[in-house]
1. Determine which member of the set A:84, A:70 is basic (Lys, Arg), over 27 Å from residue A:168 (Cβ atoms) and in contact (Cβ under 8 Å) with a residue 24 or more places away in the chain.
2. Do we find that residue B:123 is farther than 30 Å from residue B:226 by Cβ and either of a type in the set (D, E, K, R) or in the same structural domain as residue B:227 (by TED's automatic domain parsing) (or both) in this structure?
3. Return the residue satisfying two criteria in turn: it lies in the range B:58-87 and is of a type in the set (A, V, I, L, M, F, W, C) and buried (at least 18 other Cβ atoms within 10 Å of the Cβ), and of such residues it is farthest from residue A:122 (Cα to Cα).
4. Could you tell me whether residue B:59 is away from every other protein chain (no Cβ under 11 Å), in a helix (DSSP H, G or I) and more than 34 Å from the chain's Cα centre (by Cα)?
5. Would you mind telling me which numbered condition in (1) crowded, with 23+ Cβ neighbours inside 10 Å; (2) closer than 26 Å to residue A:273 by Cα; (3) within 11 Å of chain B (Cβ to nearest Cβ) residue A:434 fails?
6. Mind counting the residues in the range A:419-450 that are part of a helix (DSSP H, G or I) and among the polar types (S, T, N, Q)?
7. Filter the range B:117-171 down to the residues that are within 11 Å of chain A (Cβ to nearest Cβ), touching a residue at least 12 places away in the same chain (Cβ under 8 Å), surrounded by fewer than 21 Cβ atoms within 10 Å (Cβ to Cβ) and assigned to a loop (DSSP other than H, G, I, E, B) and list them by number.
8. Which ones in the range A:112-132 are surrounded by 21 or more Cβ atoms within 10 Å (Cβ to Cβ) and at pLDDT 95 or above?
Amino acid sequence: MRTRSWLVLALALAVALGAGPAHAQSVMVWGDNLPANVDPHALYDVPSSFIQLNVYDNLYRYEGNPPLLKPWLAESYTASKDGKTWEFKLRKGLTFASGDPLAAEDVVYSYKRVMSMNKAAAGPFKAAKIASVTAPDANTVRFALEAPYAPFLSIVPVLTVVNKKQIDPHVKGDDLGFGWLSSNSAGSGAYVVDPSGYIPQKQLDLKRNPQHFAGWGHNPKPIDVVKARDIAETATRVNALIKGEIDIGDSYLPTDQVARLQKEKGVVVQRNESMRIFVIRMNNSKPPFDNVNFRRCMSYAFNYGDFIGVILKNFAERNPAPMPKNLWGYPKDVKGYDFDLKKAQAECDKAKAAGAPINREIKLHYQAQLDQTRQAGQLFQSDLKKIGLNVSLVTDTWPNMTAATAKPETSPDMWIHWVSAYFIDPENWIGTMYDSQFHGTWKASSYYKNAKVDELLRAARAIPEQKERTRLYAEAAKQIVEDAADIWVYNTVELRGVSARVKGFKFSPVGSGNELRWMHLE
Amino acid sequence: MLRFLVRRVLLVLPVLFGLLVLTFILVRIVPNDPSAALAGQNATPQQITEIRAKYGFDRPLIIQFFVYLKQVAQGDFGTSIQSGRPVVTDIGQRLPATLELTFAALGLGVFLGVPLGTLAAVRHNRMLDHVVRFFTVGGIAIASFWLAIMLQLLFAMQLDVLPLRGRLSAIMDAPPTITGLYLFDSLVTGRFDIFWNALHHITLPAITLSFGSLATITRFTRSGVLETLQKEYVQYETAVGYPRWLLVSVYVLRNSVVATVTQIGLLFGALLAGSIVVEAIYDWPGIGSYAVLAIFTSDYKAILAMTLLVGVIYAAVNILVDVIHGVIDPRVAEQM
């Protein structure tokens, strides 16, 4: 009797403490860089795509490589014949993770919030010159454009939808709820932010939203909790992956770590051709860069072969024109510039004869946190010295450089960066980098101006037929390369270390494979 | 004693004011435009101008400084441009991690350095003394980033006995917050599993951070004890047959550690600064990485608050050191 009592008590305790056969949560440790905050409208960079893809939804979404647009919150769209009105039909019964219904008014609110905040995500919509966004009914969103804009559909995924009802009580003054949404979530995505342990740019926990509209039928063992840990040091990140302390690394795995990771049984190196071009910008408005021969001299003086072959160990593909090689519209017959110091010298001599001040000190800014930009700068500096050009390297940061590029006089002589796949259309690269109407933005920071190119690019964004647009972009690209507006180096092969127990990783150039809902653990 | 404390606190205020002035000027004279950082990447020059006017960045620097000073006096340190949260919240969340690591490193330095220095002095010019001197020179010379990577490779990667990074295993939740110091909080709440996990995680970073201070404390203690051992009263007590261990541990040591205690105060500042490197390598979520991010992103409110905070901590520790001086040496207490 006494024994039975103890058994009953033990059983009751076990039930009370949840010691029964409960479903074990699957937990993944994500070791990629985190964005500065988690407001989806405050940032638009590679780290913020982790939030935008997982915590929020958009009307249409890119999937796969090459990336294709798929209906997402919207089930379909219609465009008027003149290309100025676009209507999106939302799926029925959509809800936010909070349980609130998601309606067309929330899309309108989200658009207005993006434009009012005027941060990076507003850029593509400003270029599209949208006259109004309205909700004729609860399931329809209408975008009215001032003029036809062919890349419009491709920029639609940039708009992530937030829950107005959830944000409104937290708005303070004119902050649009940023103070709250920067460390909380108000989305409908496959995961929600757990604000309790959130430390900006250090640690962030996401919990699965079982009610996500897309359902979980595609993934029978989805990850329940994702613990994102931003590990600043590359060596620590790589070692943590080998040791099994994290399940996935960042998409900027240095090429010198690839061979080391490939030897590890528990780690797989994901290698995917992306659409992220590496470019050395030249401020075309400043002498001697206003001289085309000088710019050609610089273009011949960069050692593309050694940089890609030796420093990057061929984990990149030479890309000599201002858009990714694997994108439609790329000019197939453009050869670009090769490394040839004799040709460089000849072009510099011509520039000097024309009075260009080629002997002045040239400042080349690189990004302090990104080693590869420094390596490119040092290689370039040493070769330019051989032809008598004096280049000094300046350590800088992304916020400083993008702020400096607002005016031609403050924009650096030269600076190095990547242009990532924010949306998939030549407009994302050549269109916004070399049309002079975008002067003052970081993308157009070379202050290149050519009336013929302006005309071609503006025509290309106004015509809906892709065949004709391809011809126009190719022609514009040839001219820009001829003018040596910048130095285009390579298209990125994204490298990411992933634990062998992570299955279902799917890469897309938009978001670098950051979408969690596909993944499970073995 | 109370008068002494009030006097010391009053003396610290102008130092902190000077620190704030210097940092404010340094942050604002570097060619970073906080208005541009606030405006974001798409802002037009017109919008940047509007933000400059809205936040008062177009006013004379001295006016801006006094506006900031007034805000600080009211406890308002501003909002981080990057995280969108009050910088006090950001720092408050990270400070316990740095303090825990610093205290652990200092604790290691004191509890190993004082006995080692004493032993080296007692065994002057013998094998133990030579070994200690060899390691203390190494401790001062070795760069912490190198030592950190070596310790990681040996103990975390090769021997697999300690974790590589972080304050806790990712799958383990933090203990209920009392102080934010995981070791303390987990002990107080009886979560020994968390305590054990946190202890494992802090071991390598604390050893790395303590290495330089351990060397300094050992050397200062050794010198102090050696000097005291030459004093007449020590020779007299030795001659009358006082037990050697009692003589050294009770009388000699107390009269030898005044300089060591001063060093500990100075070392605390060095440890706070040194934690930036150690935190980066061990992925320790403290204020070091926050400071680096603030500098890289021109988050000037965060930079100013961080500098002031470190200044306050440094000043507080040094006042504490002065008080400890008084406790150790009654002659100092009389002058207080």
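1. On the way: A:70 fails: in contact (Cβ under 8 Å) with a residue 24 or more places away in the chain.
Of the residues listed, the single one that is basic (Lys, Arg), over 27 Å from residue A:168 (Cβ atoms) and in contact (Cβ under 8 Å) with a residue 24 or more places away in the chain is A:84.
2. Details: farther than 30 Å from residue B:226 by Cβ: no; either of a type in the set (D, E, K, R) or in the same structural domain as residue B:227 (by TED's automatic domain parsing) (or both): yes.
No, not satisfied.
3. Restricting attention to the range B:58-87, the residues satisfying the condition of being of a type in the set (A, V, I, L, M, F, W, C) are B:61-63, B:65-67, B:69, B:72-73, B:77, B:81, B:87.
If we keep only those that are buried (at least 18 other Cβ atoms within 10 Å of the Cβ) as well, we get B:77, B:81, B:87.
Working: B:77: 29, B:81: 18, B:87: 26 Å.
Applying the filter and picking the extreme gives B:77.
4. Working: away from every other protein chain (no Cβ under 11 Å): yes; in a helix (DSSP H, G or I): no; more than 34 Å from the chain's Cα centre (by Cα): yes.
Answer is no for this residue.
5. In the conditions (1) crowded, with 23+ Cβ neighbours inside 10 Å; (2) closer than 26 Å to residue A:273 by Cα; (3) within 11 Å of chain B (Cβ to nearest Cβ), residue A:434 misses (3) alone.
6. Keep residues of the range A:419-450 that are part of a helix (DSSP H, G or I), which gives A:426-428, A:430-434, A:436-438, A:442-444.
Now restrict to residues that are among the polar types (S, T, N, Q): A:428, A:432, A:436-437.
Count: 4.
7. Across the range B:117-171, the qualifying residues are B:162, B:168, B:169.
8. A:113, A:114
The values are calculated or read from the model by the stated rules, or taken from the named source; none is laboratory data. Quick caveat, the model's predicted, so the values are computed rather than measured. Virtual Cβ from ideal backbone geometry, glycine too; neighbours counted across all protein chains shown.
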